[in-house]
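Only the coordinates and a few stated rules stand behind these numbers; no lab work does. The shown structure was predicted, so the numbers you read here are calculated from the model rather than taken from an experiment. In this analysis, Cβ positions are derived from the backbone assuming ideal geometry, glycine residues included, and neighbour counts consider all displayed protein chains.
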Amino acid sequence: MSQLYGKIKMYAGAALMLALFACATVPVTGRQTLNIISDSELMTMSFQQYREVINKSKLSQDPARVQMIRRVGQRVAGATEDFLRQQGMPQEISKYKWEFNLIDDDKTINAWCMPGGKVAFYTGIIPVAQNDAGIAVVMGHEIAHAIAKHGNERMSQSLLAQLGAAGLSAALAKSPAGTKDVFMNVYGVGANVGFLLPFGRVQELEADRIGLILMAKAGYDPRQAIPFWQRMSRSSSGGRPPALLSTHPVPETRIQDIQAALPEALRYYKAK
C-alpha cells in the first residue's frame, strides 16, 4: 500500500509541476502551450550556441547586405518590443538581446532566430528576398517563432515524450542542466545546415500570422509576403527544397493562410 501511495504521490507531483509550467500563452492566437524549460536556462543555452555558430561561420563582408539585414532587424525588433507591450507582456522585453548576422553561404536559403533574439541569415536567401520588404517577411516570421516560444514548446514535448511526466519531474529536480542535450537536438544549428527545428503546422501558421503583424508594425507592407513565398516556392522547383521550406506548409496552403491573415496585419501597417 505504501508503495502504491508513493507512486500516486509522485505522479500527482509530476502532474502539478506540468500544470504550473504549462501556462504559456501564444500572443494573438491565445493558444496555451507547454513550456517546462525556464527562460533563464533556455537563454543561456541559446546565447552559447549562437556564439559558437557565429564564431565557426564565415560572415559576409558585403557591407550593403550586412547593413540591410541589421537595418531591417532593428526595425522589426523595435516593432516586436512595442507588440509585446501591447500584448501586456512588457516583462518579456528584457529577455531579448538582439543581434543580427549574415553568414556567407550562397547555397543555403535559410534564416533563423534563437530564443532571446539572436538572428542569423544566410546569403543564399538574399536573391529570394530581393529587398528590405522581403527580408522583413523572413525576419518577422523567425522572430515570431521566438516570441511565441515555439522552441521551448518543442523541447518540452520532446522531454515529456522521452521521460514521461514522472521521469521528467525527477530529471528536472535532479539536474535541470540535463536539458542541454534536448536543446542541442531541437536547436541543431550549424554553419552549413541552418536551423533544424521541425516546427509543426500550427506553429508555422502562428509564426506567419504574428510575423505579418511584426513586419507591418515595422513599416513594411505585409502584402509583400505573398510574392516572397511565391519566389521561395519557385526557388525549390526541380530540386531539394530550401531549408526554410523543408518543414513548412506547402506554398499554396501558406499563401491562402497569409491572404486570410492580411486584413488583421494591415491594421498595423503605416508606411515609413
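Miscellaneous remarks
- Counting every other Cβ atom within 10 Å of each residue's Cβ, LYS95, LYS118 order from fewest to most as LYS95, LYS118.
- Within-11-Å neighbourhood charge of GLU204 [Cβ basis; K, R +1; D, E -1]: 0
- When ASP104, ASP62 are arranged by Cβ crowding within 10 Å, least crowded first, meaning fewest neighbours, the order is ASP62, ASP104.
- What the Cα convex hull of the range 50-139 gives, in volume per residue, is 87 Å³.
- Sequence-ordered 3J(HN,Hα) estimates for the range 230-235 from the Karplus curve with 6.51, -1.76 and 1.60 and θ = phi - 60° stand at 5, 5, 4, 5, 5, 5 Hz, glycine and proline given as x.
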